[in-house]
């Protein structure tokens, strides 16, 4: 059952990342992973993913939508 919960959370996180990317103005072509990561931590406080794991998800989605990425600590 734990794996199912993790899978569901992962889909929810990916969907939230996509929603975050939709709110970025069209003229802005760079995404800050830390800003989106902070939003994810607030929405999913019990998420067990590391910051680098979240940054990877954010980066993958952002690149897929044509953004450049600014990785921050």
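List of remarks:
- Simple label model, 7 Å out from Cα along Cβ direction - residue 60 to residue 19, nm: 2.0
- Extent of the range 2-70 along its three principal axes (Cα atoms, max minus min coordinate, largest first): 40, 17, 17 Å.
Only the coordinates and a few stated rules stand behind these numbers; no lab work does. Please read these numbers as outputs of a predicted model, since none were measured by experiment. We place every Cβ from the backbone using ideal geometry, glycine too, and count neighbours over all the protein chains shown.
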